[in-house]
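J.: Supplied in structure tokens, the structure appears directly below.
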Amino acid sequence: MASMKGGELITEYLVANKIPYVFGICGHGNVGLIDCLYQARDRVKLVSPRHEQVAAHMADAYFRVRHHPAATLTSCGPGSCNIIMALQVAMSDSSALLAITANVPTQQFNRGPFQEINRHFQADFPAIIRPVVKRSFQPTRVDMLPLALRQAMTAMLSGRPGPVNVDIPFNVFQEEADVELPPPAPVFGSWRSGATPEQIDLARAWLIAAKRPVIFIGHGVTLSEAGPELTELSHLLGIPVISSPNGMGCLDMTDPLSLGFIGRNGAYPANEAGRRADLVLAIGARFDDRSASSWRPGYSWNFPHTKLIHVDLDSDELGRNYPPDLAILADARTFLRQLLAALTAQGAAHREALRPWHGEIAQWRTAWEAFTAPNFEVHASPIRPERIVADCQAVLPADAILACDVGVNHNWYMQFWKARRPQTMLNSWGFSGMGFGAAGVLGAKLAAPERPAIAIVGDGSFTMVPHVLCTAVEYDIPVVWVIWNNFGWVSIRDIQLGMFGERELATMFTRGANNAPYNPDFAGWAKASGVDAMTITRSEDFRGALEHAVGANRPFLLDVHVSAEIRPPATGTWELPPTPYKEPVFGARYLPGAVAPPSHQS
Ligand SMILES: Cc1ncc(C[n+]2csc(CCOP(=O)(O)OP(=O)(O)O)c2C)c(N)n1
Ligand SMILES: [Mg+2]
């Protein structure tokens, strides 16, 4: 036992857990801990962006790339309130970060001191943060810290990862006690659950018997680092793979067995295969509305006509939307290894039996490519969206990291991006928090400094966090922002146009009596902040500009003017009751000769 300040104990525990970065902003509430971080500045680095939301997105993205956590540090009251949205982004997508929040001194609890939240209970910040974290702890004495820190770090990294909060009153940073550093938390991924032998037997038998099987993967496969096992299984049995955005790259998406994303903004072959499958093996995926055509039977999936094996390590996700025929509470990689061990001898024969299925899939792929490919070649001004996706794909190496923001720009990447490796395509999928890509790219770059990191970010989303420019310059983080500039909140404008008889209000950026399109000069804004920049209005110029920006190895912004009038082709549907859903633009109804699945209800 040694007498230690609370702040020292926290700092040493961060170091013991090899947490390299604390992303945080100062305030009177947390200066005690910042002083301890000063003492340890060669072992853990404090990076201070200009908004707490950015700090949390940086930590979130750092984890998604590295699968090793970082921490955030915010002060009492408003500073900590500023991370709530970003924490739910991490929570919805199962990303880990340790959110250290400061609070008022315990000696002043309930007296209404500066920045206390106390209408119903003393120092009540945990009540605000509780729904958006996996667990919140509030150690109120230094001798409570060892247990709280160990439990917090363990909760964050075990099972389904997620953000965890430790809320610490001001005095606890400063006061001393005889305390011992707790043992570090288990390394992420070292505790893994598996399936029972009976479950593996059944899963194996059903897979071998299936005539039209499909594997559907989600973030769970990425998080368990099961890409090689998934690829082996898919190749061994010849089973095609549909991926949710955060699963992308676990199977190289240029692989012939990769069908892409499913749902309204999915790829046509994925929706066709999903709804016609006789067996779906879902692993670490949760069938959210956007990857299930809002659960309308016959669009993306066709349960219960299709048999479902659902594997997840969170029991809450098993059967949330579709009751599984076989539910397996297990870690993705452990399950896949168990299954592969049981299968090895049978692969080739089964692949042969799937020939007719592969033939059908090849036809859907050909039809989809014939429909979409021509627009990827077109040069135009304003630039066609496909052109931006195509040039990014051509210029960026397979290990480049794409941090996607929110909006119609993201829909294009979900539909057409081909991720080559796991952990290279970061998406705010479950919560869609604007600013995630623009800010997260900074954390992603710190997680993989040797690889290009590019944010694809709408003009609207970027203007929510423009101060990311300052952080890139201050900390010399050479990222590239591609601003998808369509002069508006265009994804929402399109919803207005589709649902409300063309009535549009407050969704395009305009000025003056004539409603002339308005945006700041993003390149000028960047340059004023010390970031190199270019404005691109002709599609011919984008590719070279991107090559230059990636090669520059400095923070770089490309303001790319993209048409707001070209929409991604819907291949499934999406529904916001009571508004009527829309039929796909490129779906079975329009494909000559296609047969609707048994329960199709259009
Ligand atoms: C923080 C936050 N506020 C509001 C929304 C609702 N929203 C979703 S997309 C969108 C518009 C995005 O505009 P932009 O970034 O320009 O992308 P675009 O759709 O134009 O490509 C809005 C306002 C959100 N998802 N997150
Ligand atoms: Mg926009």
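J.: What about S563, is it polar (S, T, N, Q) and modelled with pLDDT of 50 or more?
T.: yes
J.: Give the residue that is farthest from P397 (Cα to Cα), with candidates limited to residues of the range 252-273 that are buried (at least 24 other Cβ atoms within 10 Å of the Cβ) and of a type in the set (A, V, I, L, M, F, W, C).
T.: That would be A273.
J.: Restricting to the range 514-556, name every residue that is farther than 20 Å from A438 by Cα, polar (S, T, N, Q), surrounded by fewer than 17 Cβ atoms within 10 Å (Cβ to Cβ) and in contact (Cβ under 8 Å) with a residue 40 or more places away in the chain.
T.: If the condition is that a residue be farther than 20 Å from A438 by Cα, polar (S, T, N, Q), surrounded by fewer than 17 Cβ atoms within 10 Å (Cβ to Cβ) and in contact (Cβ under 8 Å) with a residue 40 or more places away in the chain, then T537 is the only one that fits.
J.: Ok, one more. Return a yes/no flag: does the range 386-396 have any residue that is closer than 22 Å to V585 by Cβ and within 16 Å of ligand 2 (Cβ to nearest atom).
T.: Yes, some residue in the range 386-396 is closer than 22 Å to V585 by Cβ and within 16 Å of ligand 2 (Cβ to nearest atom).
J.: From the list A373, A353, A367, which one is under 25 Å from I262 (Cβ atoms) and free of Cβ contacts under 8 Å to residues at least 60 places away in the same chain? Explain how you work it out, then say what you get.
T.: On the way: A353 fails: free of Cβ contacts under 8 Å to residues at least 60 places away in the same chain; A367 fails: free of Cβ contacts under 8 Å to residues at least 60 places away in the same chain.
Exactly one residue qualifies, and that residue is A373.
J.: Scan the range 489-543 residue by residue and report those that are assigned to a helix (DSSP H, G or I) and within 13 Å of ligand 1 (Cβ to nearest atom).
T.: V490, S491, I492, R493, D494, I495, Q496, L497, F522
J.: Moving on. I need the full set of residues from the range 343-364 which are within 17 Å of P213 (Cβ to Cβ) and at pLDDT 95 or above, in order please. Give the steps one after another, and end with the answer.
T.: If we filter the range 343-364 for residues that are within 17 Å of P213 (Cβ to Cβ), which is where we start, we get 343, 346-362, 364.
Once the filter is applied, which keeps residues that are within 17 Å of P213 (Cβ to Cβ) and at pLDDT 95 or above, the range 343-364 yields L354, R355, P356, W357, H358, G359, E360, I361, A362, W364.
J.: Considering each of R286, R204, R264, R275 in turn, give the residue that is part of a helix (DSSP H, G or I) and within 30 Å of K582 (Cα to Cα).
T.: Sole residue among the options that is part of a helix (DSSP H, G or I) and within 30 Å of K582 (Cα to Cα): R275.
J.: Report, by residue number, each residue of the range 445-461 that is of a type outside the set (S, T, N, Q), out of contact with any Phe, Trp or Tyr (no Cβ under 7 Å at 6 or more places or on another chain) and crowded, with 24+ Cβ neighbours inside 10 Å. So that I can check it myself, show each step before the final result.
T.: Keep residues of the range 445-461 that are of a type outside the set (S, T, N, Q), which gives 445-460.
Within this subset, residues satisfying the condition of being out of contact with any Phe, Trp or Tyr (no Cβ under 7 Å at 6 or more places or on another chain) are 445, 448-454.
Within the range 445-461, K445, A453, I454 qualify.
J.: Here is a list: A148, A185. Which entry is under 30 Å from A327 (Cα atoms) and either modelled with pLDDT under 95 or of a type in the set (A, V, I, L, M) (or both)?
T.: Result: A185 is the single residue among A148, A185 that is under 30 Å from A327 (Cα atoms) and either modelled with pLDDT under 95 or of a type in the set (A, V, I, L, M) (or both).
J.: Something else: Among the helices (runs of 4 or more DSSP H) confined wholly to the range 70-139, which include 2 or more residues that are more than 23 Å from G430 (Cβ to Cβ) and more than 16 Å from ligand 1 (Cβ to nearest atom)? First the steps, then the outcome.
T.: Values: elements: 78-81, 84-92, 125-129.
The helices (runs of 4 or more DSSP H) meeting that bar are 78-81.
J.: Give the residues of the range 404-426 that are out of contact with any Lys or Arg (no Cβ under 9 Å at 6 or more places or on another chain) and either of a type in the set (D, E, K, R) or away from ligand 2 (no atom under 16 Å from the Cβ) (or both), sorted by residue number. Give the derivation first.
T.: Here is the first cut: in the range 404-426, the residues out of contact with any Lys or Arg (no Cβ under 9 Å at 6 or more places or on another chain) are 404-407, 409-410, 412-413, 415-422, 425.
Within the range 404-426, D405, Q415, F416, W417, K418, A419, R420, R421, P422, M425 qualify.
J.: Follow-up question, since we're still on this one. Does V531 satisfy being β-branched (V, I, T), more than 16 Å from ligand 2 (Cβ to nearest atom) and modelled with pLDDT of 95 or more?
T.: Considered against the rule, which asks whether it is β-branched (V, I, T), more than 16 Å from ligand 2 (Cβ to nearest atom) and modelled with pLDDT of 95 or more, V531 comes out as yes.
To keep it simple, each residue is scored yes or no on (1) assigned to a helix (DSSP H, G or I); (2) within 18 Å of the chain's Cα centre (by Cα); (3) touching a residue at least 12 places away in the same chain (Cβ under 8 Å); (4) more than 26 Å from T372 (Cα to Cα).
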| position | (1), (2), (3), (4) |
| --- | --- |
| T231 | yes, no, yes, yes |
| H235 | yes, no, yes, yes |
| P269 | yes, no, yes, no |
| D316 | no, no, no, yes |
| P323 | no, no, yes, yes |
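J.: Could you check V54 against (1) within 13 Å of the chain's Cα centre (by Cα); (2) buried (at least 24 other Cβ atoms within 10 Å of the Cβ); (3) assigned to a helix (DSSP H, G or I) and say which number it fails?
T.: (1)
J.: Follow-up. For G430, state whether it is of a type outside the set (S, T, Y), more than 24 Å from N486 (Cβ to Cβ) and within 17 Å of the chain's Cα centre (by Cα).
T.: So G430 fits the description; yes.
J.: Are there any helices (runs of 4 or more DSSP H) wholly within the range 345-433 with 3 or more residues that are within 13 Å of ligand 1 (Cβ to nearest atom), and if so which?
T.: Where helices (runs of 4 or more DSSP H) fall fully within the range 345-433 and carry at least 3 residues being within 13 Å of ligand 1 (Cβ to nearest atom), they are 385-395, 408-416.
J.: Now a separate question. From A348, A367, A342, A419, grab the single residue that is under 26 Å from the mean Cα position of the chain (by Cα) and of a type in the set (A, V, I, L, M, F, W, C).
T.: So the residue among A348, A367, A342, A419 that is under 26 Å from the mean Cα position of the chain (by Cα) and of a type in the set (A, V, I, L, M, F, W, C) is A419.
J.: Filter the range 109-163 for residues that are within 28 Å of the chain's Cα centre (by Cα) and of a type in the set (S, T, Y); which is surrounded by the most Cβ atoms within 10 Å (Cβ to Cβ)?
T.: Only one residue fits best here, namely S136.
J.: So the check is Cβ under 7 Å with 6+ separation or different chains; which pairs have a first residue in the range 487-513 that's farther than 19 Å from P568 by Cα and a second one that's within 14 Å of ligand 1 (Cβ to nearest atom) and modelled with pLDDT under 95?
T.: Partner pairs satisfying both residue conditions: R503/Q496; E504/Q496; E504/L497.
J.: I'm told F431 meets every condition in (1) surrounded by 24 or more Cβ atoms within 10 Å (Cβ to Cβ); (2) touching a residue at least 60 places away in the same chain (Cβ under 8 Å); (3) of a type in the set (A, V, I, L, M, F, W, C) except one. Can you identify the failing condition by its number?
T.: (1)
J.: Go through the range 463-488 residue by residue and tally those that are farther than 15 Å from R50 by Cβ, within 10 Å of ligand 1 (Cβ to nearest atom) and not β-branched (V, I, T).
T.: Selection size over the range 463-488: 5.
J.: In the range 205-236, which residue that is charged (D, E, K, R) and closer than 17 Å to A277 by Cα is surrounded by the fewest Cβ atoms within 10 Å (Cβ to Cβ)?
T.: Result: K211.
J.: In the range 451-476, what residues are within 16 Å of ligand 2 (Cβ to nearest atom), touching a residue at least 40 places away in the same chain (Cβ under 8 Å) and not polar (S, T, N, Q)? Let's see the steps before the verdict.
T.: Step one: list which residues in the range 451-476 are within 16 Å of ligand 2 (Cβ to nearest atom), which gives 455-466.
Adding the requirement that they be touching a residue at least 40 places away in the same chain (Cβ under 8 Å) leaves 455-463, 465-466.
Scanning the range 451-476 gives A455, I456, V457, G458, D459, G460, F462, V465, P466.
The values are calculated or read from the model by the stated rules, or taken from the named source; none is laboratory data. No experiment lies behind these values; they were computed from the predicted model shown. Note: ideal-geometry Cβ built from the backbone for every residue, glycine included; neighbour counts use all protein chains shown.
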